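Reading through the structure tokens given below for one structure.
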């Protein structure tokens, strides 16, 4: 209907009438049902539905879709609902004349038989109203239902490894349970290569489902960490203390034991070589340890006959005129150099050991050796003579990169006369050279070359030391403030950096020393009378009157003492590969506060743990 509008008075003019569209009226005419199960779809018919923006049942919001201006489909929520259906939108709210209620309680899971399940394996769930569930899924992947009832259901995991919350599908609704299910590929062990090894030797296990393996357990419980893992292989090194027996691979979800045995052999260690000539035969007597496991021997390229063997002695025969390096072979290890003889049967010079030093002296064959890339390393070569008083020959070091490119030759300094036995504690008995920082990279090959001397034949030995990955250290110096006294930092932070570089296995460029504002110690106002402690699970700081001991509890106890007349000086915090800075021996550093001095801790120096501790309060975290 059109409305006309005009002015008052008889002679007024008229205007053109404007047509206005009436607002659509929202009406609810009918519900497809007044009761339905959770997840079911209910259809509402009526008019004016295009402007509906929200729907509730008894005040509970529900999901819906507008099919047309006269039809809306709603999904019954999982939780029980009852009451009028309300449609609302801009400027309106309309209720149904008929009440609606969900017909059954929602399905509920109360337990699962397992949370870690192999791919393709079955597991059982318990709960209530499970017969109303139309399907189950994990991470969007549907699970096969083997059997189902109102209180339980048996489900099958898919062939691939999946993880996530177990979801119930009820009609068109998805209900996420509180149960995390982890699927994994069952691990199998097909072979161990090799099946015999010594401590430090590398082993590869072949099989299937090995990608998640993190550790390998030996028969006596000793653990080895996986160094590389894929679906079909896992690699590791035999750790110290490992014993022979089946191996067990472990990942977060399973443990699988090998059917065959891995044999851990002791290392063959020769310590001396003697020779005697009998007619056309040279008899070689080798002393050492674990010599009874030697299976074959050579002199140069010629085979030697094993006459007898025991744990500490090995006797070989070889034809007179044979010369070269005496090489011993044993299962699970590389060939061992046991010395050399010349063509007359006389024992020659012997490179018994090649050691590398960053902080601790370790043999090239030590499985715990890890050189830091980019940090100079001391190389020690022990050259032994058969008799005392033998003049030292010229000894050189040659090195090449992992690609085989020559890095250069270094002259090694050593004693005037060769020793007859190794001395681990004296550099004066070995030939020494420093590998430049640029040479110390993964894959570097180091060769020791002993030139022919007075009455001695040449000798050589090649080794490949283990070079780890680059690591870094960040040290923060923190002055401590107690009352009006504040500790004094070193004049030059570079002095601290240089001191750390001398004793820690970090490359010089990877040590950063910084300082921060003073840390105010509350609860104490005077350094001579204070008695303050603030323990926590990770560190403990104590400052006591007169003696004032500042100690930090980390991997072992360290104590720094301050005289009564001094301030508490400064503490050091650090972050590194494990966020813990540990040992630091006392050195004659420059630029450090004179009153600060280190004292010995109660910790012994065994097992690589030195008996000294830091002159600083170490590692406040």
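The values are calculated or read from the model by the stated rules, or taken from the named source; none is laboratory data. In this text, all values refer to a predicted model and were calculated from it rather than measured experimentally. All Cβ positions, glycine included, derive from the backbone under ideal geometry; neighbour counts span all protein chains shown.
Here are the numbers for this structure:
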| item | result |
| --- | --- |
| Filtered residues of the stretch 403-419 (kept if in a loop (DSSP other than H, G, I, E, B) and surrounded by 14 or more Cβ atoms within 10 Å (Cβ to Cβ)) | 412, 414, 415, 418, 419 |
| Strands (runs of 3 or more DSSP E) fully within the stretch 77-167 counting 3 or more residues that are within 30 Å of residue 52 (Cα to Cα) | 82-89, 92-102 |
| Meets criteria (farther than 30 Å from residue 342 by Cβ, surrounded by fewer than 20 Cβ atoms within 10 Å (Cβ to Cβ), at pLDDT 85 or above and not assigned by TED's automatic domain parsing to the domain that holds residue 397) for residue 484 | no |
| Scope the stretch 451-481; condition in a loop (DSSP other than H, G, I, E, B) and touching a helix residue (DSSP H, G or I) at 6+ places or on another chain (Cβ under 9 Å); matching residues | 470, 471, 472 |
| Top-ranked residue in the stretch 36-54 [being touching a strand residue (DSSP E or B) at 6+ places or on another chain (Cβ under 6 Å) and closer than 12 Å to residue 77 by Cα; ranked as surrounded by the fewest Cβ atoms within 10 Å (Cβ to Cβ)] | 41 |
| So residue 242, is it out of contact with any helix residue (DSSP H, G or I) (no Cβ under 8 Å at 6 or more places or on another chain) and more than 20 Å from residue 293 (Cβ to Cβ) | no |
| Filter result for residue 189 (assigned to a strand (DSSP E or B) and modelled with pLDDT under 90) | no |
| Out of 411, 392, 401, 430, sole residue that is within 21 Å of residue 270 (Cβ to Cβ), in contact with a strand residue (DSSP E or B) (Cβ under 8 Å, 6 or more places away or on another chain) and in contact (Cβ under 8 Å) with a residue 12 or more places away in the chain | 430 |
| Residue among 259, 287 that is at pLDDT 95 or above and within 28 Å of residue 200 (Cα to Cα) | 259 |
| Test: residue in the stretch 434-452 that is under 13 Å from residue 350 (Cα atoms), more than 39 Å from the chain's Cα centre (by Cα), crowded, with 19+ Cβ neighbours inside 10 Å and not assigned by TED's automatic domain parsing to the domain that holds residue 505 | yes |
| Only listed residue being at positive phi and not assigned by TED's automatic domain parsing to the domain that holds residue 240, chosen from 209, 200, 171 | 171 |
| Boolean, residue 268 is modelled with pLDDT of 95 or more and touching a strand residue (DSSP E or B) at 6+ places or on another chain (Cβ under 7 Å) | no |
| Only one of 205, 196 that is surrounded by 17 or more Cβ atoms within 10 Å (Cβ to Cβ) and over 23 Å from the mean Cα position of the chain (by Cα) | 196 |
| Selection count, the stretch 168-186, where residues are in contact with a helix residue (DSSP H, G or I) (Cβ under 9 Å, 6 or more places away or on another chain) and not in a strand (DSSP E or B) | 1 |
| Test: residue in the stretch 381-391 that is part of a loop (DSSP other than H, G, I, E, B) and within 32 Å of the chain's Cα centre (by Cα) | no |
